[in-house]
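Engineer: I have a structure I would like to understand better, so I am pasting it below and will then ask my questions one at a time.
The values are calculated or read from the model by the stated rules, or taken from the named source; none is laboratory data. The model shown is predicted, which means the values in this text are computed figures rather than measured ones. When we count neighbours, we look across all protein chains shown, and the Cβ atoms used for this are built from the backbone with ideal geometry, even at glycine. Side chains are part of the model used for accessible areas, which takes the heavy atoms of the whole protein and leaves out ligands, DNA and RNA. Shrake-Rupley method; radii C 1.70, N 1.55, O 1.52, S 1.80 Å.
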Amino acid sequence: MHFENTPAFAASLDSNDPLKDFRNRFIIPQSAGKDKIYFLGNSLGLQPKSTSEYIRQIMDDWGRYGVESFFEAPEPWMDYHGSLTGTLSEVMGCLPQELTVMNNLTVNLHLMLVSFYRPQGKRYKILCEAKAFPSDQYMLETHVKHHGFDPQDAIVEVKPREGEQTLRTEDILQQIIAHRDELALVFLGGIHYYSGQVLDMHTITRMAQQAGAKVGFDLAHAAGNIEMRLHDWNLDFACWCSYKYLNSGPGAVAGAYIHERYHADLQMQRFAGWWGYDKATRFKMEQGFKPMLSAEGWQLGTPPLILYACHRAALDEIKAAGWDRIQLKRKLLTKYLWFVLDEVNKIQTKPVLSCITPRNQTEQGSQVSMNMLSSGKEVHRQLTEAGFYVDWREPSVIRLAPVPLYNTFAEVWQFGQTLKSILQASTNS
Ligand SMILES: Cc1ncc(COP(=O)(O)O)c(C=O)c1O
């Protein structure tokens, strides 16, 4: 498609957008009665208008049936988990029984490491990316120590090459090969939180498994953002949060995927709780842990029904919009953003920004991380003042992520115009 940097062109993309009505199903932050431009779905997705209704239903059940809600509510709480896994399994590209909704992301990562980081002999190392999200770093560090190893030795970090900002698949593969007899686990972010780079999870998984390691991904920035095929790519496990592109609210209940080949493996180590116990006999309350033979076998305690309700409301919006249509719009919206940023870069003889997110479409999702070549913090301040929600990451990056369910092409165009005027004013002053 030939793009134009005009409001009329952006408006025509919006009027032809099959998802255009979905924006009205979300609460858009306001200022002086006007919609603000929210590009922070990579941080906290916006609230569906239906969420409070779904919560109210749980509150009504609780008021009306008390604990009997688990069985007597119009939608019995006992089965509520099952109403989440259908749409979520489509989004994540796995079987419904391969995922479970529980806890938060960091807790789930710890639980998965208990099962999938099983150092043996000289195979005790973990390969991860340098500058992984801090919670992931602390999680890896403490597991390694828990097994009696020194993180400096046991954690192998893959870094971008000198002068580069993102990882090359070949460098990850090369490190896997170099440490092939020592790796117990390869653990990476499917999309890096800072650069927005999407990794080739399929190839990395294949190579890591060939080297004899288990493979897991942190999908915090990928879930609800990009298409994935976790089952076909054969990942051993993955974890994600649901408050970013899955719009399920602050502190939302998170998700974990475990490949089905592990479900009936009773030798596998895990930290267990009664909610992971065989559903049919759970209430016999007997000694000896007998897991459910699905990812739900990793659940610990009583599910947070109110958080489930938030998640369900958001997943129902995704279902109504259609995951395929969301993906089509995501690609077009991001492409238009890149086009608009290229136009901004034409205002002067030399570029004013350089995106560290890869330009290659297979390596990008909604997020674009712009490295501001001068006065970045001031530009961010002025963008915020002008009504844009974008974020600042030291030393010089502005991150933004237009989201197909509630952002428009007109907003992307508007962003380009505002950024251009800010940059022009700063160079003229
Ligand atoms: C990539 C990544 N991993 C882990 C976390 C931590 O998630 P939580 O605080 O939900 O445990 C985040 C939070 O933003 C994240 O972006």
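Engineer: FRET efficiency for LYS346 and ILE306, Cβ-Cβ distance as r, R0 = 51 Å, nearest 0.05?
Structural biologist: Once the sixth-power term is evaluated, E becomes 0.55.
Engineer: Let me ask another. Can you tell me the equivalent ellipsoid semi-axes for segment 287-326? Use √(5λ) from the Cα gyration tensor, largest first, whole Å.
Structural biologist: 30, 14, 5
Engineer: Multiplying the sequence separation of LYS377 and TYR138 by 0.36 nm and subtracting their Cα-Cα distance, what value in nm do you get?
Structural biologist: 83.2 nm
Engineer: Same structure, new question: Quote the FRET efficiency, to the nearest 0.05, computed for ASP278 versus GLN209 with a Förster distance R0 of 41 Å and r equal to the Cβ-Cβ distance.
Structural biologist: Once rounded, the FRET efficiency stands at 0.90.
Engineer: Now for a different question. With a cut-off of 8 Å between alpha carbons and a minimum separation of six or more residues, what is the relative contact order of segment 347-429 in percent?
Structural biologist: Relative CO of segment 347-429 lands at 27 percent.
Engineer: Still on this model: Using the Kirkwood radius over C-alpha pairs as Rh, can you work out the diffusion coefficient of segment 1-133 via Stokes-Einstein at 37 °C, viscosity 0.692 mPa s, in µm² per second?
Structural biologist: After rounding, the answer is 162 µm²/s.
Engineer: For the chain, take the convex hull of the Cα atoms, compute a quarter of its surface area, and give me that in nm², please.
Structural biologist: 22.9 nm²
Engineer: How many times 2.2 N^0.38 Å is the alpha carbon radius of gyration of segment 69-173?
Structural biologist: For segment 69-173, the normalised Cα radius of gyration is 1.46.
Engineer: Subtract the Cα-Cα distance of GLU162 and SER12 from 0.36 nm times their separation in residues, and report this length gain in nm to one decimal.
Structural biologist: 49.7 nm
Engineer: Would you work out what percent of the accessible area of segment 1-59, with all protein chains in place, is carbon or sulfur (probe 1.4 Å)?
Structural biologist: Reported share for carbon and sulfur atoms: 54 percent.
Engineer: Also: Along Cα→Cβ, 7 Å out, is where each label goes; now give me the distance between the ones at GLN120 and ARG56 in nm to one decimal.
Structural biologist: That separation, rounded to one decimal, is 5.6 nm.
Engineer: Please compute the per residue accessible area over the chain with all protein chains in place, 1.4 Å probe, rounded to a whole number of Å².
Structural biologist: Here the residues of the chain average 44 Å² of exposed surface.
Engineer: Please list, in order along segment 74-89, the HN-Hα scalar couplings obtained from phi with the Karplus expression 6.51 cos²θ - 1.76 cosθ + 1.60 (θ = phi - 60°), rounded to whole Hz, x for Gly and Pro.
Structural biologist: Once θ is set to phi - 60°, the couplings for segment 74-89 become x, 10, x, 4, 4, 9, 4, 3, x, 7, 9, 6, x, 5, 4, 5 Hz.
Engineer: I've got another one for you. Semi-axes, largest first, in whole Å: what does sqrt of 5 times each Cα gyration tensor eigenvalue give for segment 281-367?
Structural biologist: After diagonalising the Cα gyration tensor, the semi-axes are 47, 16, 12 Å.
Engineer: Compare MET201, MET285 by solvent-accessible area with a 1.4 Å probe and give them largest first, with all protein chains kept in place.
Structural biologist: Result of the area sort, largest leading: MET285, MET201.
Engineer: Shifting gears a bit: Under a Cβ-Cβ cut-off of 12 Å, what is the net charge of the residues other than TYR38 that fall near it, where Lys and Arg count +1 and Asp and Glu count -1?
Structural biologist: -1
Engineer: Add +1 for every Lys or Arg and -1 for every Asp or Glu among the other residues with Cβ under 12 Å from the Cβ of TYR54, and state the total.
Structural biologist: -3
Engineer: Sort THR203, THR362, THR349, THR384 by heavy-atom solvent-accessible area, probe 1.4 angstrom, most to least.
Structural biologist: THR349, THR362, THR384, THR203
Engineer: Using every Cα-Cα pair within segment 140-230, state what percent have a distance larger than 17 Å.
Structural biologist: 53 percent
Engineer: Of all the accessible heavy-atom surface of segment 278-396, with the other protein chains kept in place and a 1.4 Å probe, what percent is carbon and sulfur?
Structural biologist: Here carbon and sulfur together make up 55 percent of the probe-accessible area.
Engineer: Quick check of the Kirkwood formula: for segment 118-188, what is the inverse mean of 1/r over all pairs of different Cα atoms, in Å?
Structural biologist: Roughly 12.5 Å, rounded to one decimal.
Engineer: Add +1 for every Lys or Arg and -1 for every Asp or Glu among the other residues with Cβ under 9 Å from the Cβ of ALA184, and state the total.
Structural biologist: Summing Lys and Arg as +1 and Asp and Glu as -1 gives +3.
Engineer: Compute the separation of the alpha-carbon centres of segment 214-241 and segment 347-391 and state it in Å as a whole number.
Structural biologist: 27 Å
Engineer: Using the basic label-point model (7 angstrom from Cα toward the beta carbon), what is the MET1 to SER421 distance in nanometres?
Structural biologist: The modelled label-to-label distance comes out at 2.6 nm.
Engineer: Of all DSSP beta bridges located in the chain, what percent are antiparallel, nearest 5?
Structural biologist: Antiparallel bridges: around 60 percent, rounded to the nearest 5.
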